[in-house]
């Protein structure tokens, strides 16, 4: 029996501890905002926070995530109030297809926690998510907007 | 172009139910007592417009949203004529089955070829206008006044003489019972208030919170999950397999063979299905195709460059003679590789099959083709099938194909009554794409003593998409779309006026399945032409802009976009130290596009793209903010391709299986993109694809300016060149 604390709530389910955290979040807990893109930590669509740090959940096991605070995209808004990153995303009309955006927003949220006023170089170093629609120009604008908010 | 996949007999029956003229689309619904109602009971004014009592306007969207933003553009077009409150607009997809049942009232569902808006603007605007006239008439009837005394704005109808007002929600029920007017006039574009505005997308909110359901996220009661491996050699089959171990693994329900070529595992969760599939011991029979490699394909294409027979598509004067007699003869050979779409959301489809009904949920660019595939795979008539479209996690042409729909239905058939979601791994997605076709080109130009281009010959040699996908759309064996940007006239016209021209195509098809890949054949054709124009300008000792301008003089719209990027890009003025510029222009999908790139190169191979100025004239610009996003986004797709992406064939199969072998651009490499959206009016051009093709040649021409080196085969990583 695995126990995971996700968005402040504890979930218990019967799963092989070697199951990738991504698939436990999606299939056991039923939170599908965290996306599968590559399964090998290349694209970042599955990014969640583990104790506040960004992690690609497709390569972390359930066993390794037990006992830690896990935050997913569903946990960013509090009582329906969007986080400042989500608000900046809305105001800058960032997503196109939107599939990579959960991971992008999670990566950016972690960056801003670490560096509240990131430079372009900080953004380049920290945000390595793949977006095939190519929203990067709006992503950069929205990061600066969120940092200024 | 029409992206409908191969027309089977069954899908032909679907399409032959089409109503005649475009004007009737969406408007030929019953009227009078039999009001057509949406699921919640609200009345339809016509197939495009439903109005709820609370004034909410539901606009039906026939085409698919895959990130390109046209869902918002369609709503803008309907809302413009409807004169409704934009803040109260919401959208929904009708299903392909409903379209068939209603004699194709919504017209074409196909979403590709940058044609969604440009081929339906007329009838969707008429849907809005017709509904507006009926709503005003209903209010006038209630007030017993002439409709001509009533005006309308933002969903409120006002009787001017008396000052009485009512809202759309209040009169929608009565309006729906009226006979639709026969022919309503559309607004003059100068009066547009919603079309042409940089409005925000309507579909953003759920994409920020994880709430947006993509196909890969679907959950249905009692649903099982499936993972699949198709024979990695295209056209191969399953020789034998041993599922003894896999069958005993947790959650596994069934191991099945699909179409003789694929093995699928059905399990409670997808992770269980995928893990068990990895434990199935499969022996493949690749057949004769196992002998094919990238090198063997390149040889075949190389032979085509000098072959006697070729399909001619653009011929003027005598190019061969002009080049033979030229003062200076320039020749270059270019080569473009296979590439995968690599949509962020891997291919998937969910199916529920019973003996008398089959339903599919899937992200698709072509709902009607998905319906046809569902009917064909299920063996049920179209009337007993339907497809629920879900937002696509990227499409780029890949989701016009229905291979995963067919597989999902065949899998679900083995589990009657239980919905099964089939999700491909990234590896499956990379191994079973519908690849950007391979193409080589030999370009030959002749310059006279004054450096004038007197003759140009382009020989293409490579794969035809239509030959594999829509042979019925070919012209006596010729694939006209291989010549995008080279047509003598039309939406992909060649915009240089040269006295002698010969452009032909030696078709060399391979066993690799080709597909429409964002831009289709403009990606390679723009590189071939625009890099070679740069080579010719250089050989003539002329400035690349001046050389082009001279040949483009009879083409004012092309000249305008070229001049716009040259002006804003600072062409002819000093650049920052170490910064070099390159230009490119193209005409495709009815639009005119150009780019000016600024790059610097370190150590001869590390390319920093600082800025790309891009202009597009698509005639009308329904939403300039979304067009800017399409331009910048398409550059990410196109530059990733030219720098890093190639699918290579070894032993008949693709070698690349994931993003570590098929890299895609990151934010650090993103140049500043400055878009010039310059609609000149009077025509409707495409938006999603055209600009993609000018980024690569503009950067390549800047690379030559910086290094003196012409790179003529792609991707650039094969030459040790990287984007930093």
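Throughout, read-outs are computed from the coordinates displayed, never taken from laboratory work. Quantities reported herein were computed from a predicted structural model and do not represent experimental measurements. When we count neighbours, we look across all protein chains shown, and the Cβ atoms used for this are built from the backbone with ideal geometry, even at glycine.
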Q: Can you tell me the order of B:61-71, B:376-386 when each peptide is scored by its average per-residue count of other Cβ atoms within 10 angstrom, highest first?
A: B:61-71, B:376-386
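What ranking do B:396, B:234 get, fewest neighbouring Cβ atoms within 10 angstrom at the top?
B:234, B:396
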Q.
So if the hydrodynamic radius of the range B:462-530 is defined as the Kirkwood radius over C-alpha pairs, what does Stokes-Einstein give as its diffusion coefficient at 37 °C and 0.692 mPa s, in µm² per second?
A. 255 µm²/s
Q) What's the long-distance tail for the range B:250-300, i.e. % of Cα pairs beyond 12 Å? A) 70 percent
Q | For the range B:418-464, alpha-carbon Rg relative to the globular expectation (2.2 N^0.38 Å, N residues) | A | 2.35
**Q.** For the range B:469-585, the spread of Cα positions along each principal axis, largest first, Å
**A.** 51, 32, 26
Q) Mean residue ellipticity at 222 nm from the helices of chain B, using -39,500 (n - 2.57) per DSSP H segment of n ≥ 4 over the full residue count, to the nearest 500 deg cm²/dmol? A) -8500 deg cm²/dmol
(Q) Cα atoms only: what Rg and Dmax, in Å, come out for chain B? (A) 27.1, 83
Q: Fewest Cβ neighbours within 10 Å first, please rank B:95, A:34 accordingly.
A: B:95, A:34
Q | Cα-based convex hull volume of the range B:549-634 per residue, rounded to whole Å³ | A | 117 Å³
Q. Per residue and in cubic angstrom, what volume does the convex hull of the Cα atoms of the range B:643-724 have?
A. 167 Å³
(Q) Quick check on the range B:195-268: take the gyration tensor over C-alpha atoms, sort the square-rooted eigenvalues as a ≥ b ≥ c, and tell me if it's rounded (a/c under 1.5), prolate or oblate. (A) oblate
Q | Spin-label pair residue B:672/residue B:476, simplified geometry with 7 Å Cα→Cβ offset, distance in nm | A | 5.3 nm
Q: Round to a whole angstrom and tell me the spacing of the C-alpha centers of the range B:589-667 and the range B:216-262.
A: 35 Å
Q: Would you kindly work out the equivalent ellipsoid of the range A:2-75 from its C-alpha gyration tensor and give its semi-axes, the square roots of five times the eigenvalues, largest first in whole Å?
A: 16, 13, 11
(Q) I need the shape label for the range B:585-651. Rule: rounded when a/c is under 1.5, else prolate if a/b > b/c, else oblate, with a, b, c from the alpha carbon gyration tensor. (A) oblate
**Q.** Angle in degrees between helix A:101-114 and the longest Cα principal axis of chain A, rounded to the nearest 10
**A.** 80 degrees
Q.
Between helix A:136-148 and chain A, what is the angle of the helix's C-alpha long axis to the longest principal axis, kept within 0 to 90° and rounded to the nearest 10?
A. 90 degrees
**Q.** Sequence of B:501, B:724 once ranked by neighbouring C-beta atoms within 10 Å, starting from the fewest
**A.** B:724, B:501
Q | Paired Rg and Dmax values of the range B:9-188, which use every Cα atom, in angstrom | A | 16.1, 60
Q.
Quick check on the protein assembly as shown: what are the equivalent-ellipsoid semi-axes from the Cα gyration tensor, as sqrt(5λ), descending, whole Å?
A. 40, 36, 29
Q | Gaussian network model of chain A, Cα within-10 Å springs - most flexible of A:58, A:100, A:38 | A | A:38
Q. Cα atoms only, the range B:581-724: Rg and Dmax in Å?
A. 16.0, 52
(Q) Within the range B:461-498, name every residue whose backbone N is under 14 Å away from a label modeled 7 Å from Cα of residue B:259 along the Cβ vector. (A) B:469
Q. Per-residue ellipticity at 222 nm for chain A, helices alone: DSSP H runs ≥ 4 residues times -39500 (n - 2.57), over residue total, nearest 500 deg cm²/dmol?
A. -9000 deg cm²/dmol
(Q) Give me the mean projected area, in nm² to one decimal, of the convex hull enclosing the Cα positions of the range A:84-148. (A) 3.6 nm²
Q: Give the shape of the range B:224-375 as rounded, prolate or oblate, defined through the alpha-carbon gyration tensor: a ≥ b ≥ c are the square roots of its eigenvalues, a/c under 1.5 means rounded, and otherwise the shape is prolate if a/b is larger than b/c and oblate if not.
A: prolate
Q) Å³ per residue of the Cα convex hull, for the range B:99-184? A) 120 Å³
Q. Per 5 Å bin, what is the whole-percent P(r) computed from every C-alpha pair distance within the range B:387-446?
A. 4, 12, 19, 21, 14, 9, 6, 5, 4, 3, 2, 1, 1, 0
